[in-house]
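The values are calculated or read from the model by the stated rules, or taken from the named source; none is laboratory data. Owing to the predicted nature of the structure, the values given are computational and were not obtained by experimental measurement. Please note: Cβ atoms are built from the backbone with ideal geometry, for glycine as well, and neighbour counts cover all protein chains shown.
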Amino acid sequence: MANSRFEYVREFESDDKLLPNSWIVVRIDGKGFHKFSTKHNFEKPNDSRALWLMNKAACMVMQEYKDILISYGQSDEYSFVLKKDTALYNRRRYII
């Protein structure tokens, strides 16, 4: 990225570190889930296909990131709890 048109992105980087020896919880909230569930004719309130899909996606995330201890879903969101001593992404804070 050095000397490129994208170098301005570094201005948005933060070196804020999360507290050491503390749990990190990453929450991912669904976007457009109502529209998605309507398109695929999910039964309300809990369609087994939707639950299977969300659980399978969470399992794949956990396989990719070994520092995740547990994940849990509620409604259209999933939360992932990372080890207290994780060094994933150097414990840098990142908010979208």
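Quick notes
- Restricting the range 79-96 to residues that are at pLDDT below 95 and among the aromatic types (Phe, Trp, Tyr) leaves a set whose member that is nearest to Asp29 (Cα to Cα) is Tyr94.
- Among the residues of the range 55-78, none qualifies, meaning not one is over 18 Å from the mean Cα position of the chain (by Cα) and surrounded by fewer than 11 Cβ atoms within 10 Å (Cβ to Cβ).
- Considering residues of the range 1-24 that are closer than 18 Å to Arg91 by Cα, exposed (fewer than 10 other Cβ atoms within 10 Å of the Cβ) and hydrophobic (A, V, I, L, M, F, W, C) only, the residue modelled with the highest pLDDT: Leu19
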